[in-house]
Amino acid sequence: MAAATLALLLGLQPITSDTYLPALPALTRALHATLAQAQQTIALLILAFGLAQLAWGPLADRHGRRPVLLAGLATYVVASIGCALSSDIAALIAWRAVQGACLAAAIVIARAMVRDLYEPHEGAQVMSVALSGLGVIALLGPLTGGALAALVGWRSTLVLMAVAGAAALAFIAWRMPETLARPNPDATRLAPLARTWWRIATHRDFIAWGLLVSCTYGGLFTMLAGSSFVYIEMLGVSPAGYGAVLASCSAVYIAGTFVGRRWIAALGLVGAVRRAAVLTLAGGLGVAGFAMAGVHTVWALLVPFWIFMFAHGTHQPVGQAAVVGPFPQHAGTASALAGCVLALIAWGIGAWLGVALTGVLPFALTIGFWAAATAAVAWTLVSRTGARRAAGGGSASAATADSAPAEAASR
């Protein structure tokens with residue numbers, strides 16, 4: 001039940017960001033917008049998504065997960081309807097920003113619920129199961145979006161978001177219990193909140209795992225933000241074909257989450273991430289290498305990115321569970337702070353692509369950069385968290401995270 005609820009909540013993110021990507025070029029033409037303005041419908045959504053987490057997290061720590069989540073989902077539905085009815089690009093950008101701010105409630109609370117219910121090692125396993133479900137949603141989203149855009153028009157992809165949000169709202173209202181055992185009445189007070197933010201932001205494990213999640217998502221977001229123009233406008237792929245491209249990446253990601261769960265059980269969190277980083281680097285360098293060699297084809301971009309996405313199936317669930325692991329009393333705030341950093345990076349990528357996306361090469365080099373950054377973080381900062389635990393440092397929950405495989409082997 002917990003994994004299904006998490007998949008539903010986390011699945012709103014790819015529905016919001018991926019479903020309308022096949023329709024983005026048509027949307028741009030219909031609203032007489034520029035490429036930079038079209039990128040703002042993604043970039044400002046992500047920026048609002050990141051900043052709003054700083055509010056939703058403390059609110060969820062103070063008032064509980066359920067009421068804050070219901071409020072966020074209800075407003076998300078309203079914003080999605082506003083997007084579908086937008087008559088110009090400025091209105092669409094504004095409603096997308098509201099949509100992103102409301103989406104933040106679902107993502108923050110989903111991650112916080114994992115820490116409410118599980119210790120980090122078990123939480124990584126549950127998160128991996130949930131992200132397998134998210135992968136299915138992400139697989140179907142672009143296919144559905146491409147078909148809707150071709151058959152009904154680009155506005156139908158935005159209507160689909162409203163329908164998905166309403167379904168999530170109904171399910172949470174019907175089935176989700178409160179998971180926060182003891183609300184924190186001081187969670188939203190400015191002085192204690194500032195101290196909590198500082199303690200979390202300067203914690204070495206938070207820095208390591210937060211950067212890992214941000215870097216691996218940086219590569220994925222580059223694909224999401226720039227690929228519709230690269231594949232459709234530059235390589236001549238149809239909107240339906242482009243939906244299939246994104247769906248194939250989601251299918252590979254799902255496979256990666258299954259393998260990642262085995263790596264977590266056998267190697268622990270740090271060991272699983274170190275192994276996955278080899279594939280991340282290989283995939284990112286493959287994308288960049290083919291582009292630098294002048295091989296600008298669908299398969300030259302797609303096949304190495306599949307390798308990147310397979311590794312992402314380990315990095316993402318492990319990182320999302322581990323980043324809140326040391327903070328059981330402030331899981332919502334820690335989740336929010338990590339999400340804000342991730343979203344700010346994604347916003348910067350969107351702004352960069354709005355200026356630099358003049359061909360295949362800038363797109364490919366950006367993916368290569370984030371792949372290299374992910375591997376570097378995994379082999380340095382994340383590895384040092386494991387070394388500290390082995391030496392007896394770090395939090396008790398963090399130590400449990402990597403001792404679990406050894407304990408299982410001894411039994």
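Rule-based calculations on the coordinates, nothing more; no lab input. Just so you know, these numbers come straight off a predicted model, no measurement behind them. Glycine also receives a Cβ, built like all others from the backbone with ideal geometry; neighbour counts cover every protein chain displayed.
Between the range 324-367 and the range 193-207, the alpha-carbon centres lie 18 Å apart.
Of the chymotrypsin sites (Phe, Trp or Tyr not before Pro) found in the range 1-107, not one falls in a DSSP loop while having at most 16 other beta-carbon atoms within 10 Å.
Peptides 260-268, 148-156, 312-320 ranked from most to least packed, by the mean per-residue count of other Cβ atoms within 10 Å: 312-320, 260-268, 148-156.
Within the chain, the whole DSSP H helices whose Cα atoms reach 27 Å or more along their own axis and whose mean Kyte-Doolittle score is at least 1.6 are 331-356.
Across the chain, the volume of the C-alpha convex hull divided among the residues equals 119 Å³ per residue.
With K and R counted +1 and D and E -1, the other residues having a Cβ less than 14 Å from that of L9 yield a net charge of +3. Residues whose amide H comes within less than 5 Å of that of V237, counting only those at least five positions distant or on another chain, are I232 (H built at 1.01 Å from N in the peptide plane).
Taken about its Cα centre, the chain carries a charge dipole of about 600 debye when Lys and Arg each add +1 at the Cβ and Asp and Glu each add -1 at the Cβ. Residues whose amide H comes within less than 5 Å of that of A187, counting only those at least five positions distant or on another chain, are absent (H built at 1.01 Å from N in the peptide plane). Computed from point charges on the beta carbon alone (+1 for Lys and Arg, -1 for Asp and Glu), the dipole magnitude for the range 174-251 about its Cα centre is near 400 Debye. Each 5 Å bin, from zero up to the one with the longest distance, holds this percent of the alpha carbon pairs of the range 213-284: 4, 13, 19, 23, 16, 11, 7, 5, 2. Using the Kirkwood formula over every pair of different C-alpha atoms, what hydrodynamic radius in Å results for the range 1-140? Evaluated over the range 1-140, this radius sits at 15.7 Å.
Amide H contacts of F327 (H built 1.01 Å from N, in plane; Pro and chain starts excluded): no residue 5 or more places away or on another chain comes under 5 Å. Rg and Dmax of the range 1-66, based on Cα coordinates, read 15.8, 45 Å.
Using all pairs of distinct alpha-carbon atoms, the Kirkwood hydrodynamic radius of the range 242-342 works out to 14.8 angstrom. Comparing I81, L59, T28 along the charge dipole axis of the range 8-99, the residue lying farthest to the positive side is L59, per the Cβ-charge model. Percent of C-alpha pairs per 5 Å bin in the range 320-368, short distances first: 5, 19, 19, 14, 12, 11, 11, 7, 3, 1. Give me the distance between the Cα centres of the range 275-303 and the range 221-274, rounded to whole Å. Going from one Cα centre to the other spans 13 Å. The Cβ shell under 12 Å around G64 holds other residues with a net charge of +1, Lys and Arg each +1, Asp and Glu each -1. Over the chain, DSSP H runs of length four or greater, each weighted -39,500 (n - 2.57), average out per residue to a 222 nm ellipticity of -29000 deg cm²/dmol.
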